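Scroll down for the structure; my scribbles are underneath it.
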Amino acid sequence: MRPSLYIPPMEEETSNQITTVNDKKKLLSKQIIVLGWELFLALPLGLLLSWFQLGGITWIFGGITSGVVVLQTYRLLYGQTPKPNRITRKIGLVLVGMTIGAANAHSNWMDIAADIPVFICLTIFLLLCGSLIGYIYSRLSQVNLLTAMLATTPGGVGVMAAIAADYNKNVPLVALVQAMRVTSVVFFIPIVARVFTSESIQTQPSSLTDGLFRLNLFQLELLVLALIFTAGVVYIATRLKIPAAPFFAALVTGMVFNPLLDSFSLGYEINFTPPVLVKVIGQILLGITIGEYWGEKPTLSKRTIYYAILSVLMTLAVGAIAATLAWYFTSWDWLTCLLVTAPGGSAEMILVALALDHDVKIITIGHLIRLIAINCSLPLWLYLFRRFEEQSDENHPVFGGVKRQEV
């Protein structure tokens, strides 16, 4: 009897490939629909919140609220919660970085070169204190050390949650603590800023429509060119594994775009400024990613949430101590010191400085140095955290009479 030519493994493999492609298409369509509803809801929420004079980053709060509402609604309707979309934050960082870079295009950066050692010392101080807070948080909450360090190190919600997933740690807990810290800083810093300055930090509802009406055809062409150029530079920076590539590369691109155009212009100066809508959408996308981590609504005990709040308060206290040290050892005013050392997202804090028009260069450089230092040192910190965790498990298998475990 001749053997059959039927080969099941190949058909099974092909079937699996088709299933995988279909799953990816379904996931992509679901993410697009969720993002569309989040943007649709965030725009009116931002307009509404701007009437309460919450400051120059009102649109971030609109995005946060939208992310929470949409994900919770999705959970009630379908019984499951979609995972936070990391691509959304990358796009937001690109748009915000481009607008911040364009706003600083004509700044002279050499006059603050002497302050770089101060920025480095503040960064080291914040990182060391963050590690100490993580250790204390681990001991108090009985969470393993690596999870606690990832939760308390100011490296960004998406980045730290992704690392926690890679190492099979408690992702919801890491995301919760990171989101609580960033949200607290973004909310309280503008309020404190209004106390220490008489300048207006309001975002009027008319600013959105004004920016749209000022966008003529030539500006629209320049915007498309700027977005294509920025996307190319960000792609190259990502391939080269440059730290914080979406934000850092977009910021540099925004700074060099106008001078680059001037070098090719025909005898007249081109001064391109991204329209207000670009900055608004960038802020909304940053807020949406924070809101999505809140919207996941992880099942955590009251005790876990209590210690998470405690760790956030300790981080904020360290930021205040660092601001006091900077105020004592430098000639900066208190508000500048507070914005430089605030343990929030770099893009968010630079946006606050931009809204205040207050020492934008100093605050930008300070947060960029900290952002690069955190991203460059992450492999070393992760190695040390894992080593400390292994030693802790060997030397202290029982803490307080209860075996330490993931909460």
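Among 99-105, 346-352, 376-382, sorting by the average number of other beta carbon atoms lying within 10 angstrom of each residue, highest first, gives 346-352, 99-105, 376-382. Taken as Cα centroids, segment 57-117 and segment 26-52 sit 13 Å apart, rounded to the nearest whole angstrom. Per residue, the convex hull around the alpha carbon atoms of segment 68-122 comes to 133 Å³.
Expressed in Å, the radius of gyration and Dmax of the Cα atoms of segment 295-385 are 15.8, 47. Working ranking of peptides 239-248, 336-345 by packing, defined as the average number of other Cβ atoms within 10 Å per residue, highest first, is 336-345, 239-248.
Each value in this text was obtained by applying a stated rule to the coordinates, not by laboratory testing. Remember, predicted model here, so these are calculated numbers, not experimental data. Glycine gets a Cβ as well: all are built from the backbone with ideal geometry, and neighbour counts include every protein chain shown.
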